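To start, the structure itself, in structure tokens.
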Amino acid sequence: MPSHNPSSDLILQIEAVTKTFDANPAVDCVDLDVRRGEFVTLLGPSGCGKSTLLRMIAGFETPTSGRIKISGRDISRLAPYDREIGMVFQNLALFPHMNVYDNVAFGLRARNRTKGMDGKVREMLSLVGLEGFEERRTGQISGGQRQRVALARSLVTSPELLLLDEPLSALDLKLRRQLQVELKRIQQETGITFIFVTHDQEEALSMSDRIAVMNAGRVEQFGTSVETYHHPRTEFVARFVGETNLLKGVIVESEGANALLELSGTGARVPVPGGAQSVAGQGGQVTISIRPEHVNLGAPDEHLVPARVRSHSFSGATITYTLDSDAGPLLAQVAFKAGGAHPLAVGEAVSVGWPQTSVTTIPA
Amino acid sequence: MITRLIALSVLLILPLPIVIVVLSSFTSAGYLSFPIHGVSLRWYGEFLGSADWLRVLGVSAVLALIGAFVSTAASFGAAWAVVRHRMRFGATYETILLTPLIFPHAAIGVIMIVTLSSLGWLGTFTGLVLVHCILTIPYAYRPIVAALRKSDPALEEAAASLGARPWRTFWTVSLPAARPGLVTSFLFSFIISFDEVTVTLFVVGPHVMTLPVQVFSEVLESASPVIAAVSATLVLFTTAIVFVLDRFIGLQFFVERD
């Protein structure tokens, strides 16, 4: 009986991988485990190292140190064509001198798997909804269709792992949303592990099983979309993923599961999670993150922090207020009901509060 | 208004000598003159019926084919190194490749005499191939470099990620992606080589002669209208190649910025 190997459901293991260019680390000692069938997103601003990390997995860059394993086997030094990893490129890199069919068939021909090739190519074209486009040149089809060709081409060899390097960034918003849904559907239908690189946090939140937020060559947080959004572990993650209010303060009381934070600037004392969730003991400096949609606005003195409306912007279902307070500028997003109360006027005095459960503490 | 007039007259004056040569090739008289006296195809018959003329035509054609092939292949290698491998001193290297364009042809001729004699290739076909390659590489290089700069370097990575080994990637992706540049280079090198006179004049010998140089020496000796017929054929040939190039690939490679 084969013994259960806990790493057998890991398709990709990145172990202490570092890549330096001219002594500058582009990827700085990254560890990452990806499970079979997962949709993982590498999210971060440009220059954070996400593309370099992806290119090392693909084999276009060699790690300066560390190891990359696929299904437990070290592939760090293997040539890209020996890796059997699919990739969709940022500019798609469709072969301009070939028609759609030959583009998709390329991987099968290159690996000498021409037996049953025709059926496979047509199956892939139907998976991405491009039946009947076989003879078209890549220059004769739309951006969204080119995207689908690139996807079909990379999936035809049935790779276990598919890397996607910001493939949707050149498309307009509507088409982008549509392809996000389709990518997710295809990923679920094929069961292939996707590693998706993007700088768009909305895209990351809506598509991923797990998100690795990267900054300056490091992974700052690796967790589910919900964890990443609601429990950011660093100030960078809190700021980069969604909008947030960051308030600084000092822990003045810490007892059991509750602690009390004195906000800098206002002197207001607000309850924050303590105990196991506390990131600092009594007297410690912390930052708290509160998402704008959790902020409650009330009459002056109703809540803890007094503030004044600086501006507001209406976006259909919600209104977002920008407020000035002694703790700094704050954002509050409130539901807007037709026929309900009028929006607050600019300059109006209000007070700001939030449910205790919506507060995330971050080490300052 | 004035500039339009100038442009118009340039457009008219530039092709005028060519028109005159072509017209005078149809003369029935025994001497080169314009306007012509009587119309006939007599001199075309003379040209195509002469073993000597056909032999030099053959030499020129084979020389141009080999020269164009070598230049195109060498330029592809050079352009690949400069564009795809971001070769060190790539810009300097490019300038050196293009120097035959700005070097006086008389100087190149003298240099080639010295070089070829030391190699023992003066007055040989091999010597001519070498000289024509040097002269055509600047023309062959630019279209290829432009084609490579235009094509996405991720193409080769895409091929590799699909399992293609370097050779397969080269033959099925890199080379076809540069095809418009390669065809342009080949045809332009062919034209330049086929029509080259000045430098060739220095290095031909009693055993090997090209068509344009033969025309030149005939002009010095006689004024037979067969020269006009040969020239008209050369013009027709060159125009046909340029027309094909413009029609199917375009000549924008020569005016585009890198």
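Couple of notes before you dig in:
- Chain A - percent of accessible surface contributed by carbon and sulfur, probe 1.4 Å: 50
- Other-chain or far-sequence residues with amide H under 5 Å of A:GLN221's (modelled H): A:VAL213
- Magnitude of the charge dipole, the protein assembly as shown, Cβ model with Lys/Arg +1 and Asp/Glu -1, debye to 20: 1140
- Take every pair of alpha-carbon atoms less than 8 Å apart whose residues are at least six positions apart; their mean separation over the length of chain B yields a relative contact order of 31 percent.
- Taking the protein heavy atoms of the stretch B:1-151 in the context of the full set of protein chains, the accessible area attributed to carbon and sulfur is 76 percent at 1.4 Å.
- Using alpha-carbon coordinates, inclination of helix B:125-150 to the longest axis of chain B, degrees: 50
- Per the Debye calculation on chain B with a single equal scatterer at every Cα and no solvent contribution, log₁₀ I(q)/I(0) for q = 0.09, 0.12 Å⁻¹ amounts to -0.52, -0.85.
- Only helices enter the 222 nm calculation for chain B: every DSSP H run of n ≥ 4 contributes -39,500 (n - 2.57), and dividing by all residues gives -23000 deg cm²/dmol, rounded to 500.
- Extension gain, A:ASN112 to A:GLN140: 0.36 nm times the residue separation minus the Cα-Cα distance gives 7.2 nm.
- Neighbour count of at most 13 Cβ within 10 Å plus DSSP loop: longest GluC sites (Glu not before Pro)-free window in chain A: A:1-130
- Measuring heavy-atom accessible area with a 1.4 angstrom probe and counting protein chains only, the residues of the stretch A:73-89 that give up at least 10 Å² relative to the chain alone are A:PRO80, A:TYR81, A:ASP82, A:ILE85, A:MET87, A:PHE89.
- Cleavage-rule hits (chymotrypsin sites (Phe, Trp or Tyr not before Pro)) in the stretch B:51-138: DSSP loop, at most 15 neighbouring Cβ within 10 angstrom: B:PHE89
- DSSP-defined antiparallel bridges as percent of all bridges, chain A, nearest 5: 80
- Hydrodynamic radius by Kirkwood, which averages 1/r over all alpha carbon pairs of chain A, in angstrom: 23.2
- Whichever aspartates and glutamates have a C-alpha closer than 16 Å to that of A:LYS337, once near sequence neighbours (fewer than 8 apart) are set aside: A:GLU293
- Angle between chain A longest axis and helix A:173-190 axis [Cα atoms, degrees, rounded to 10]: 60
- Cβ-derived FRET efficiency at R0 30 Å, B:TYR93 paired with B:SER118, nearest 0.05: 0.75
- Where the stretch A:243-363 is the region considered: accessible area per residue in Å², 1.4 Å probe: 50
- Here A:LYS184 is the anchor, and the lysines within straight C-alpha reach of less than 29 Å, apart from those fewer than 8 places off in the same chain, are A:LYS50, A:LYS69, A:LYS120, A:LYS174.
- Accessible area of the stretch A:6-238 divided out per residue, in Å², using a probe of 1.4 angstrom: 40
- Between the stretch B:97-148 and the stretch B:165-192, the Cα center-to-center distance that results, in Å: 21
- Helix axis angle, A:143-155 relative to chain A longest principal axis, alpha carbon, degrees: 70
- Share of Cα-Cα pairs in the stretch A:16-89 lying beyond 19 Å, as whole percent: 33
- Sequence-separation-based contact order of the stretch A:6-238, relative, with Cα cut under 8 Å and 6+ spacing, percent: 27
- Annotation for B:TYR31 and B:ALA107: the two label points, set 7 Å from Cα along the Cα-Cβ direction, are 4.2 nm apart.
- Residue order for A:VAL359, A:VAL181 - accessible surface, 1.4 angstrom probe, largest first: A:VAL181, A:VAL359
- Simple rule: put +1 on each Lys or Arg Cβ and -1 on each Asp or Glu Cβ in the stretch A:6-238, find the dipole, and look at A:GLY72, A:VAL40, A:SER208; the Cα lying farthest toward the positive end is A:GLY72.
- Summed buried accessible area for B+A [probe radius 1.4 Å, Å², rounded to 100]: 1700
- Euclidean distance of C-alpha centroids, the stretch A:77-150 and the stretch A:155-193, integer Å: 14
- Net charge over other residues, Cβ less than 15 angstrom from the Cβ of A:ILE141 (K, R count +1; D, E count -1): +1
- Pairs of alpha carbons in the protein assembly as shown whose separation is greater than 46 Å (percent): 45
The values are calculated or read from the model by the stated rules, or taken from the named source; none is laboratory data. What you see is a predicted model, and the numbers here were worked out from it, not measured in a lab. Neighbour counts are summed over all protein chains in view; Cβ atoms, including those assigned to glycine, are modelled from backbone coordinates with ideal geometry. For accessibility, only protein heavy atoms count, side chains too; no ligands or nucleic acids. Shrake-Rupley method; radii C 1.70, N 1.55, O 1.52, S 1.80 Å.
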